[in-house]
1. Straight-line reach only, C-alpha to C-alpha below 22 angstrom: list the lysines that K250 could link to, leaving out same-chain residues fewer than 8 apart.
2. Taking the simple approach of a point 7 Å from Cα along Cα-to-Cβ for both T56 and K141, what is their distance in nm?
3. Using 7 Å Cα-to-Cβ label points, what is the A23/F38 separation (nm, one decimal)?
4. Net charge within 15 Å of M253 by Cβ-Cβ distance, Lys/Arg positive one each and Asp/Glu negative one each, not counting M253 itself?
5. List the residues of the range 146-160 whose backbone N lies under 19 Å from a point placed 7 Å from the Cα of L108 along the Cα-to-Cβ direction.
6. If you add up the charges near V88, with Lys and Arg at +1 and Asp and Glu at -1, over every other residue whose beta carbon is less than 10 angstrom from its beta carbon, what do you get?
7. Please give me, ordered by residue number, the trypsin sites (Lys or Arg not before Pro) of the range 86-137 that lie in loop per DSSP and have at most 11 other Cβ atoms within 10 Å.
8. What does the net charge come to around I193 if you take all other residues with beta carbon closer than 15 Å to its beta carbon, with K and R at +1 and D and E at -1?
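Any read-out appearing in this document is the output of simple, stated calculations on the displayed coordinates, not a laboratory observation. Every value quoted in this text rests on a predicted model; they were computed, and no experiment measured them. Virtual Cβ from ideal backbone geometry, glycine too; neighbours counted across all protein chains shown.
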Amino acid sequence: MTDDRRRERIDGFLALSQEYLDANPHDVYVESHTNDAFITAAEQVFSWCSPHVPDTGRVLDWGCRHAPDAYFIRHEHGDGVELHAAEVDDPATFGLFHKASSIEYRQLRDQVEIPYEADSFDFIVAAGVLEHVPMGYESLKELNRVSAVGVQLVITFLPNRLSIDERRRRRRADIPNRPGQPHHLRRYSPKEITRLLLHTGWIPDECGYQTRLDLLGPRAGGRPAGIARRAAGRLGLRRVTSCLSVRATKFAMM
């Protein structure tokens, strides 16, 4: 993936977001999640998981909201992917984004149930959603139900229990569009999310910190670590970064 192509899809999504904000100027959630820095970071995280996204088959963006991951998948993997998305929002809310990525969208009307048959999907991405659902354990079981055996689940932007930035945001209780609510009610460590996945039918393949000191190094499009970054890595500073990412595979019954 060339830098020019990566910049092309970032700029494409930023233009789409601006079109949405021109029509919905008071949507503080989209405004805070579509600036250049945020979308560039989201694209870099996508580049980490992109090699595992199939070029054909059915893909689910669970908890998609304005669906940047679905946009990146469509841009990178083309029309061979049948893209689906599920979220609690009314279909009209983010319809502009869904249409741009040719998504089949289904509104979630239950705290856990995903309105698809068993074994429906060949890949699932869940960005910044597990920490918000009422019952994370049950939701991971439901994701397992709608996945075929061997399917991979990628969870990104998962709040890190030791994050300094996460601690600061929790003190401010600054969830956009949700005044008075704490930033994230649940946070995770690598051991906690690994244990949770194993108990819900998933085998973790890769779990780490969403930073260039760890998962988002050169293979995800980041620059090679310099002396300062290597030193920070040895000191364990990646452990206080904001988020975790994990990739897991659904295992067959014993």
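1. Excluding near neighbours in sequence, the set is K141, K191.
2. If labels sit at T56 and K141, their model points lie 3.5 nm apart.
3. 1.9 nm
4. Values: positive: K141, R145, K250; negative: D119.
Local charge sum for M253: +2.
5. Hits in the range 146-160 for L108 at 19 Å: 146-148, 152-160.
6. Numbers: positive: R65, R109; negative: E87, D89, D90, D110.
Once positives and negatives cancel, what remains is -2.
7. Details: sites: K99, R106, R109; in loops: R109.
Those satisfying the criteria are R109.
8. Working: positive: K141, R161, R186, R187, K191, R195, R239, R247; negative: E131, E166, E192, D205, E206, D214.
Surrounding charge for I193 is +2.
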